[in-house]
Structure formats: C-alpha cells, structure tokens
Amino acid sequence: MEREMQAYQCTQCGELHHPLHYVCRKCGGRDFKEVPLRGEAALLTWTKVYNLPEGYMRPSLGFCIVEFENGLRVAGQLEVDRPIFGMKVRAVVDVVREGVGEDYYGFIFKPAQE
Ligand SMILES: [Zn+2]
C-alpha cells in the first residue's frame, strides 16, 4: 500500500505545517487543509545516531532535516552514504520504527537519483 504524508496548509495565509499544529504559527488561524507532501527535497542538515532506542532494528541511523520545493522543512531518516549539503533527496514513507503491535511510519530520505 502506498502511503502518503500530508502537510497542513493554513486556509487563511497559506503557511504550510508538518506535523499538524493546532494554531497557525504565522497568522494564528485554526483552519487547515491537507496537502500531499511528496517529491524531491534539499538536504539541509544531518546527523548520525548510535545507541538507538528500542524498536530500531539497526545499529545506527541517519537523521536529517530537508526542505521541500514548497519551502516546508521536515525531519526524517536519512539513507544516503555520503550526504552533501543541499543535495536532492527523495521522500519515501515507510516504517521508521517497529513497535509492539504498531509500527510507526515516517519519512525516509534517499538519493534523488540512483
Ligand atoms: Zn496562517
């Protein structure tokens, strides 16, 4: 099943949020519409984390913040061997953490060209 993440756009001023806020951080509006969040993004910052909490089935993980073409900044996992500042990455939605009876979905960012 193809999963998709949503961004939440303020209906008053158009500001995009992810995850959903109760109040628009720009204008204070409380009404949002969902906008699909997909496609390419630019890598802004990243880090590698060891000693992960329970539920991560691997020894280490990359985490990053990217900026989508619509200007929205989102955090997620990074699966890139040699990250370069500003490089194009592709957003995939997949299980990021395996939980008991429930898996957690989130963004995983991979190289835009493979
Ligand atoms: Zn707003």
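The values are calculated or read from the model by the stated rules, or taken from the named source; none is laboratory data. Keep in mind it's a predicted model, so treat the numbers as computed, not measured. FYI the Cβ positions are ideal-geometry reconstructions off the backbone, even for glycines, and counts take in every protein chain you see.
A few notes on this one:
- Some residue of the stretch 47-61 being among the acidic types (Asp, Glu), surrounded by fewer than 12 Cβ atoms within 10 Å (Cβ to Cβ) and not assigned by TED's automatic domain parsing to the domain that holds VAL100: no
- Long-range neighbours under 8 Å by Cβ, at least six apart or interchain, first residue in the same structural domain as ARG73 (by TED's automatic domain parsing) and under 22 Å from TYR105 (Cβ atoms) within the stretch 10-24, second more than 8 Å from the ligand (Cβ to nearest atom) and of a type outside the set (Ser, Thr, Tyr): none
- Enumeration of residues in the stretch 28-44 that are within 10 Å of CYS13 (Cβ to Cβ) and either more than 9 Å from the ligand (Cβ to nearest atom) or surrounded by 12 or more Cβ atoms within 10 Å (Cβ to Cβ) (or both): GLY29
- Of all residues in the stretch 64-89, those that are within 10 Å of the chain's Cα centre (by Cα) and part of a strand (DSSP E or B) total 11.
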